[in-house]
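The values are calculated or read from the model by the stated rules, or taken from the named source; none is laboratory data. Keep in mind it's a predicted model, so treat the numbers as computed, not measured. Cβ placement follows ideal geometry from the backbone for every residue including glycine, while neighbour counts extend to all protein chains displayed. For the accessible areas, the whole protein counts, side chains as well, though only heavy atoms, and no ligand, DNA or RNA atoms are used. Shrake-Rupley method; radii C 1.70, N 1.55, O 1.52, S 1.80 Å.
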Amino acid sequence: MVNLKKWLGNPFIAAAFFTAVLIYSNAVVPADKNPYSGLVSRECLLSVTGTVSSNPVKSSSEKTYSFFVNLEKSEGKVNGYVLKSSAEGKIKVFVPASTAESLFPGKLYSSAKSAPLIEEGEKIICKGIWNSKLEAFNASDVENISVYDSVVKKISHFRALCRLVLKRLLFSWGECGGLLLALLSGSREYTSNEIRECFRNAGLSHILALSGMHLSFFAGIAGFTGKKFFGKSSSFFARLFGIIFFVWFAGFSPSLFRAFLCSMISLLCSALFCEKSDFLSILSCAFLIHCMIFPSDVYTAAFILSYGALCGIVCFADFFAGKFSAFLPPAVASSVAASLSAQIFTAPVSIFMFGAFMPVGIIASVIVSPLISLFFLLGIIFILTGLMFPFLSVIYGIIINILFTVIIFFVKIFALVPPVNFN
């Protein structure tokens, strides 16, 4: 159970606690680390050039995608004259869905003439106008600038192509391929509105958001594989490689960056032969680093819910597990305790932000999470072997679709339970 006196005596936990109080009471407002800077004011922008710095995300209306661009140049009309200038900072860009999806498989409006590859690391030029209401640039046209004059840029371009190949492979598996794509890369273009809505209504939205579950699972597979083939001593390096590779391929989101920081701090502690680390200290350290590197994340729902859920599990899971183990099998008691503990911290946030929360998620997670783990494991195995032996792809598609059907059956059952509304 919670031992405030002991925990607040820990410098990392105390610093994280007081930092959170200062931020969420608005006593301290994190500064924008990458504000726009250029001779052309944002309101006059007609064109921007820079490097994509985040994965494109589809809007709820499904009409646009948004992503961030690290600027290099800007162009606009000032007092009737066209002015070109160098530029700095990061801005949000919206593009039509038809533009962002022009290279995606199964999109009828694909065009060979203008098919930009919009992925993190790609250099692009966007033409459009500034939207003051959204505080973002509305791009009507996007073009790639193929400049791969460094190793980093070549690796980034290779990643972008790999993500495109993965989409094309999983597209042949139908809706289950869309779910696996969301779990592996954070791309939800092929996860239907109905499925996303069912996960949300069942209190399982966190499963679709890349987080510690996905990272830990992938790192575990890498560690096991490394130990099996190269010996116990290689397990550490295999896990490290697995963590870095997954984050590199999937791209940072607030919840995944939190998981990445916690994993790296834990590995560092184990490598330095530290005593068994207090996970709340690790989480607190990750929180402080996250606030410094990506201060813009601190007000996002993904950031707050991710740290809140894990904090609740650390504080209360053992206590509830002890109570539930009196009448439940240990594995079930532990799973229910973790779900309930996470809800203690996240339910108030959900009520404040969305006006409702889904208590059914406590039970839904216990049943669906193991199935998702199996789905994730089989998906990785099938993808790797399917690339080596393409003739197996059809068989793999049938097998994984059966598991997908079982998962969606349970998700839809739990989605029928009404949420607790506070509107």
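Filter region 74-118 for residues that are acidic (Asp, Glu) and at pLDDT 90 or above; which is surrounded by the most Cβ atoms within 10 Å (Cβ to Cβ)? Among residues in region 74-118 that are acidic (Asp, Glu) and at pLDDT 90 or above, the one surrounded by the most Cβ atoms within 10 Å (Cβ to Cβ) is 75. Among the residues of region 236-248, those identified as open to solvent by less than 30 Å² (accessible area, probe 1.4 Å) and out of contact with any Phe, Trp or Tyr (no Cβ under 6 Å at 6 or more places or on another chain) are 238, 243. Quick one: would you say residue 168 is touching a residue at least 24 places away in the same chain (Cβ under 8 Å), closer than 30 Å to residue 35 by Cβ and either open to solvent by 70 Å² or more (accessible area, probe 1.4 Å) or touching an Asp or Glu at 6+ places or on another chain (Cβ under 7 Å) (or both)? No; evaluated as a whole, the condition is false for this residue. Scanning region 9-20 for residues that are more than 16 Å from residue 300 (Cα to Cα) and either among the hydrophobic types (A, V, I, L, M, F, W, C) or not in a helix (DSSP H, G or I) (or both) gives 9, 10, 12, 13, 14, 15, 16, 17, 18. For region 156-211, the helices (runs of 4 or more DSSP H) that sit wholly inside it and include 3 or more residues that are farther than 19 Å from residue 377 by Cα are 193-201. When region 249-280 is filtered for residues that are open to solvent by 20 Å² or more (accessible area, probe 1.4 Å), assigned to a helix (DSSP H, G or I) and in contact (Cβ under 8 Å) with a residue 60 or more places away in the chain, only 249 remains. The criterion of being in contact with a Ser or Thr (Cβ under 8 Å, 6 or more places away or on another chain) and open to solvent by 20 Å² or more (accessible area, probe 1.4 Å) holds for residue 313. Only one of 26, 79, 70, 34 is over 22 Å from residue 144 (Cα atoms) and in contact with a Lys or Arg (Cβ under 6 Å, 6 or more places away or on another chain). Can you tell me which? Exactly one of 26, 79, 70, 34 is over 22 Å from residue 144 (Cα atoms) and in contact with a Lys or Arg (Cβ under 6 Å, 6 or more places away or on another chain), namely 34.
Here region 372-423 is the region considered, the condition is being of a type outside the set (Phe, Trp, Tyr) and outside any helix (DSSP H, G or I), and the residue that is farthest from the chain's Cα centre (by Cα) is 423. Scanning region 267-296 for residues that are among the hydroxyl-bearing types (Ser, Thr, Tyr) and either touching a strand residue (DSSP E or B) at 6+ places or on another chain (Cβ under 6 Å) or closer than 30 Å to residue 119 by Cα (or both) yields one hit, 296. One residue stands out among those in region 294-306 that are of a type in the set (Phe, Trp, Tyr) and either open to solvent by less than 20 Å² (accessible area, probe 1.4 Å) or not in a helix (DSSP H, G or I) (or both): the one that is farthest from residue 262 (Cα to Cα), which is 294. Which of (1) modelled with pLDDT of 85 or more; (2) in contact with a helix residue (DSSP H, G or I) (Cβ under 7 Å, 6 or more places away or on another chain); (3) open to solvent by 30 Å² or more (accessible area, probe 1.4 Å) does residue 379 not meet, given it meets every other one? Checking residue 379 against (1) modelled with pLDDT of 85 or more; (2) in contact with a helix residue (DSSP H, G or I) (Cβ under 7 Å, 6 or more places away or on another chain); (3) open to solvent by 30 Å² or more (accessible area, probe 1.4 Å), the one that fails is (3). Restricting 393, 341, 350 to those that are surrounded by 15 or more Cβ atoms within 10 Å (Cβ to Cβ), at pLDDT 85 or above, among the polar types (S, T, N, Q) and touching a helix residue (DSSP H, G or I) at 6+ places or on another chain (Cβ under 9 Å) reduces the list to 341.
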